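Heads up, the thing below is written out as C-alpha coordinates.
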Amino acid sequence: MHTSIDPFTLGFWKEGRTHERRSGLRGTVPGFGEVVLTAPLPLKHTPGSLVSEVRGPSIPTAVFETRGIHTDATDLPTLNGSTLRVGDAMVYLRRNRFGLTHRARALRFRYGGDHYLLRAVNRKRFVLVRRADDEDPGVTLTAKLSGFGGGRRLAVRTSGRAVAADISLVVLFAGIDRAPLTRSGAVRAALGRSARLFAESQA
(Lines give C-alpha, C1' and ligand atoms only; values in the text may rest on other atoms or scores of the structure.)
Protein backbone atom coordinates (compact mmCIF):
# COMPACT_ATOMS: atom_id res chain seq x y z
CA MET A 1 0.00 0.00 0.00
CA HIS A 2 1.31 3.45 -0.96
CA THR A 3 1.03 6.00 1.84
CA SER A 4 1.74 9.71 2.14
CA ILE A 5 3.54 10.17 5.46
CA ASP A 6 4.54 13.15 7.55
CA PRO A 7 8.19 13.69 8.51
CA PHE A 8 9.29 11.37 11.30
CA THR A 9 12.17 11.12 13.75
CA LEU A 10 13.77 8.06 15.34
CA GLY A 11 15.77 8.34 18.57
CA PHE A 12 18.71 6.44 20.02
CA TRP A 13 18.20 3.37 22.23
CA LYS A 14 20.56 0.97 24.01
CA GLU A 15 20.12 -2.10 26.20
CA GLY A 16 22.16 -5.00 27.58
CA ARG A 17 25.81 -5.21 28.57
CA THR A 18 29.13 -6.19 26.99
CA HIS A 19 28.70 -8.92 24.35
CA GLU A 20 24.90 -8.79 24.54
CA ARG A 21 24.67 -5.03 24.11
CA ARG A 22 22.23 -3.80 21.48
CA SER A 23 21.73 -0.24 20.29
CA GLY A 24 20.37 1.71 17.37
CA LEU A 25 17.40 3.90 16.54
CA ARG A 26 13.68 3.46 17.07
CA GLY A 27 10.41 5.35 16.93
CA THR A 28 7.00 5.47 15.33
CA VAL A 29 6.53 6.06 11.60
CA PRO A 30 3.11 7.48 10.63
CA GLY A 31 1.09 4.78 8.90
CA PHE A 32 3.64 2.05 9.62
CA GLY A 33 3.89 1.90 13.41
CA GLU A 34 7.01 1.19 15.46
CA VAL A 35 10.29 0.71 13.62
CA VAL A 36 13.49 -0.51 15.32
CA LEU A 37 17.02 -0.36 13.88
CA THR A 38 19.71 -2.42 15.61
CA ALA A 39 23.15 -1.34 14.39
CA PRO A 40 25.00 -3.56 14.70
CA LEU A 41 23.63 -6.79 16.14
CA PRO A 42 25.71 -8.16 19.06
CA LEU A 43 28.94 -9.63 17.68
CA LYS A 44 28.38 -12.74 19.79
CA HIS A 45 25.50 -13.66 17.47
CA THR A 46 27.23 -12.73 14.19
CA PRO A 47 30.80 -14.12 14.37
CA GLY A 48 32.97 -13.02 11.46
CA SER A 49 30.54 -10.37 10.25
CA LEU A 50 28.87 -7.06 11.06
CA VAL A 51 25.09 -6.97 10.71
CA SER A 52 22.53 -4.18 10.98
CA GLU A 53 18.82 -5.01 11.03
CA VAL A 54 15.48 -3.20 10.82
CA ARG A 55 12.25 -4.69 12.13
CA GLY A 56 8.68 -3.52 12.59
CA PRO A 57 5.19 -5.06 12.62
CA SER A 58 4.16 -3.36 9.36
CA ILE A 59 7.41 -3.41 7.36
CA PRO A 60 9.57 -6.18 5.89
CA THR A 61 12.62 -7.08 7.96
CA ALA A 62 15.76 -5.76 6.27
CA VAL A 63 19.28 -7.01 7.02
CA PHE A 64 22.61 -5.57 5.83
CA GLU A 65 25.66 -7.80 6.43
CA THR A 66 29.37 -7.30 5.80
CA ARG A 67 31.98 -10.04 5.92
CA GLY A 68 35.76 -9.84 5.60
CA ILE A 69 38.88 -8.86 7.50
CA HIS A 70 37.95 -5.18 7.23
CA THR A 71 35.08 -5.74 9.68
CA ASP A 72 37.70 -5.77 12.45
CA ALA A 73 38.41 -2.11 11.72
CA THR A 74 34.91 -0.63 11.61
CA ASP A 75 31.91 -0.36 13.90
CA LEU A 76 29.15 -0.66 11.28
CA PRO A 77 28.62 -2.77 8.16
CA THR A 78 30.28 -1.26 5.10
CA LEU A 79 29.46 -1.32 1.40
CA ASN A 80 32.49 -3.54 0.73
CA GLY A 81 31.84 -7.28 0.93
CA SER A 82 28.18 -6.69 1.75
CA THR A 83 24.83 -8.40 1.22
CA LEU A 84 21.32 -7.00 1.58
CA ARG A 85 18.20 -9.01 2.37
CA VAL A 86 14.70 -7.58 2.44
CA GLY A 87 12.09 -10.03 3.67
CA ASP A 88 12.95 -13.33 1.98
CA ALA A 89 14.67 -11.68 -1.00
CA MET A 90 18.41 -11.29 -1.55
CA VAL A 91 19.06 -7.92 -3.18
CA TYR A 92 21.97 -7.40 -5.59
CA LEU A 93 23.88 -4.12 -5.01
CA ARG A 94 25.98 -2.25 -7.54
CA ARG A 95 27.94 1.00 -7.52
CA ASN A 96 30.72 2.77 -9.36
CA ARG A 97 33.67 2.97 -6.97
CA PHE A 98 35.46 5.37 -9.33
CA GLY A 99 32.60 7.81 -9.91
CA LEU A 100 33.55 11.48 -9.65
CA THR A 101 30.23 12.79 -8.32
CA HIS A 102 27.94 11.70 -5.49
CA ARG A 103 25.32 10.61 -8.02
CA ALA A 104 27.88 8.63 -10.02
CA ARG A 105 28.99 6.83 -6.84
CA ALA A 106 25.42 6.11 -5.71
CA LEU A 107 24.34 2.63 -4.67
CA ARG A 108 21.83 1.10 -7.10
CA PHE A 109 19.65 -1.97 -6.63
CA ARG A 110 16.31 -3.51 -7.49
CA TYR A 111 13.76 -4.93 -5.09
CA GLY A 112 10.20 -6.10 -5.72
CA GLY A 113 10.37 -4.92 -9.31
CA ASP A 114 11.28 -1.37 -8.24
CA HIS A 115 14.58 0.37 -8.99
CA TYR A 116 16.26 2.20 -6.11
CA LEU A 117 19.14 4.65 -5.80
CA LEU A 118 20.93 5.63 -2.58
CA ARG A 119 23.19 8.67 -2.74
CA ALA A 120 25.05 10.69 -0.15
CA VAL A 121 24.53 14.42 0.32
CA ASN A 122 27.29 14.59 2.91
CA ARG A 123 28.51 12.55 5.88
CA LYS A 124 25.25 12.94 7.81
CA ARG A 125 22.63 13.24 5.07
CA PHE A 126 21.57 10.78 2.39
CA VAL A 127 18.73 10.34 -0.09
CA LEU A 128 16.91 7.14 -1.05
CA VAL A 129 14.95 7.25 -4.32
CA ARG A 130 12.50 4.67 -5.62
CA ARG A 131 12.36 5.50 -9.29
CA ALA A 132 9.13 6.24 -11.10
CA ASP A 133 7.69 3.73 -13.57
CA ASP A 134 4.55 3.35 -15.69
CA GLU A 135 2.43 2.52 -12.63
CA ASP A 136 3.97 4.63 -9.86
CA PRO A 137 5.43 8.16 -9.67
CA GLY A 138 8.10 6.94 -7.24
CA VAL A 139 9.23 8.45 -3.95
CA THR A 140 12.18 10.34 -2.48
CA LEU A 141 13.16 9.94 1.18
CA THR A 142 15.69 12.42 2.56
CA ALA A 143 17.36 11.38 5.82
CA LYS A 144 19.56 13.33 8.23
CA LEU A 145 21.48 12.00 11.23
CA SER A 146 22.28 14.37 14.07
CA GLY A 147 23.58 14.36 17.62
CA PHE A 148 26.12 12.22 19.43
CA GLY A 149 26.01 9.28 21.82
CA GLY A 150 22.63 8.92 23.50
CA GLY A 151 21.36 12.02 21.71
CA ARG A 152 21.59 10.59 18.21
CA ARG A 153 18.54 11.06 16.01
CA LEU A 154 17.42 10.28 12.48
CA ALA A 155 14.99 12.67 10.79
CA VAL A 156 13.31 11.59 7.54
CA ARG A 157 11.25 13.63 5.08
CA THR A 158 9.26 11.96 2.29
CA SER A 159 8.27 13.35 -1.09
CA GLY A 160 5.71 11.04 -2.69
CA ARG A 161 3.81 8.00 -1.44
CA ALA A 162 5.92 5.42 0.37
CA VAL A 163 5.53 1.66 0.65
CA ALA A 164 6.66 -0.47 3.59
CA ALA A 165 9.94 -1.49 1.92
CA ASP A 166 10.89 2.17 1.47
CA ILE A 167 10.70 2.67 5.24
CA SER A 168 12.74 -0.46 5.97
CA LEU A 169 15.46 0.60 3.55
CA VAL A 170 15.85 4.25 4.51
CA VAL A 171 16.12 3.34 8.20
CA LEU A 172 18.50 0.45 7.50
CA PHE A 173 20.89 2.68 5.56
CA ALA A 174 21.21 4.89 8.64
CA GLY A 175 22.87 1.87 10.28
CA ILE A 176 25.68 1.28 7.78
CA ASP A 177 28.94 3.04 6.91
CA ARG A 178 28.00 5.11 3.85
CA ALA A 179 31.45 6.73 3.50
CA PRO A 180 32.25 5.09 0.11
CA LEU A 181 29.37 7.01 -1.46
CA THR A 182 31.60 10.11 -1.53
CA ARG A 183 35.19 10.29 -2.77
CA SER A 184 36.50 12.07 0.32
CA GLY A 185 34.59 9.73 2.61
CA ALA A 186 36.00 6.68 0.86
CA VAL A 187 39.56 7.97 1.33
CA ARG A 188 39.00 8.80 5.01
CA ALA A 189 37.40 5.43 5.65
CA ALA A 190 40.25 3.54 3.97
CA LEU A 191 42.89 5.45 5.93
CA GLY A 192 40.98 4.97 9.15
CA ARG A 193 40.63 1.22 8.65
CA SER A 194 44.31 0.88 7.79
CA ALA A 195 45.36 2.80 10.90
CA ARG A 196 43.02 0.78 13.12
CA LEU A 197 44.16 -2.56 11.73
CA PHE A 198 47.81 -1.53 12.16
CA ALA A 199 47.21 -0.44 15.77
CA GLU A 200 45.45 -3.71 16.57
CA SER A 201 48.27 -5.73 14.99
CA GLN A 202 50.77 -3.98 17.28
CA ALA A 203 48.73 -4.50 20.43
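The values are calculated or read from the model by the stated rules, or taken from the named source; none is laboratory data. Note that the structure is a prediction, hence the values are computed from the model and not measured. With ideal geometry, Cβ positions are generated from the backbone for all residues, glycine too; neighbour counts draw on all protein chains shown. Note: areas computed on protein heavy atoms with side chains; ligands, DNA, RNA excluded. Shrake-Rupley method; radii C 1.70, N 1.55, O 1.52, S 1.80 Å.
Summary table
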{"item": "Hz values of 3J(HN,Hα) by residue in the range 47-61 - Karplus curve (6.51, -1.76, 1.60), Gly and Pro given as x", "result": "x, x, 8, 10, 9, 10, 9, 10, 9, x, x, 10, 10, x, 5"}
{"item": "Proximal lysines to K144, defined as alpha-carbon separation beneath 26 angstrom and excluding residues fewer than eight positions away on the same chain", "result": "K14, K124"}
{"item": "Value of [θ]222 nm, deg cm²/dmol, for the chain, DSSP H segments ≥ 4, -39500 (n - 2.57) each, nearest 500", "result": "-4500 deg cm²/dmol"}
{"item": "Protection proxy ranking of 109-121, 141-153 - average other beta-carbon atoms within 10 Å, highest first", "result": "109-121, 141-153"}
{"item": "Fully extended contour minus Cα-Cα distance, from S159 to H2, at 0.36 nm per residue", "result": "55.3 nm"}
{"item": "Fraction of accessible area attributable to carbon and sulfur, the chain (%, probe 1.4 Å)", "result": "51 percent"}
{"item": "Shape call, the range 17-131: gyration tensor on alpha carbons, a/c limit 1.5", "result": "oblate"}
{"item": "For the range 92-98, Karplus couplings with θ = phi - 60° (6.51, -1.76, 1.60), whole Hz, Gly/Pro x", "result": "7, 9, 9, 7, 9, 5, 9"}
{"item": "Packing-based order for 127-137, 10-20, 72-82, 50-60, using average beta carbon neighbours within 10 Å, highest first", "result": "50-60, 72-82, 127-137, 10-20"}
{"item": "Given (i) 1.03; (ii) 1.01; (iii) 0.95, the label whose value is Rg/Rh (Cα atoms, Kirkwood Rh) derived from this model", "result": "(iii)"}
{"item": "Taking the chain and dividing mean pair separation by its residue count, relative contact order in percent (alpha carbons under 8 Å, at least six apart)", "result": "21 percent"}
{"item": "Average accessible surface area per residue within the chain, 1.4 Å rolling probe, Å²", "result": "53 Å²"}
{"item": "Karplus 3J(HN,Hα) series, Hz, for the range 118-124 with 6.51 cos²θ - 1.76 cosθ + 1.60 (x for Gly, Pro)", "result": "10, 10, 8, 8, 7, 5, 9"}
{"item": "Orientation-averaged projected area, Cα convex hull of the range 1-80 (nm²)", "result": "6.2 nm²"}
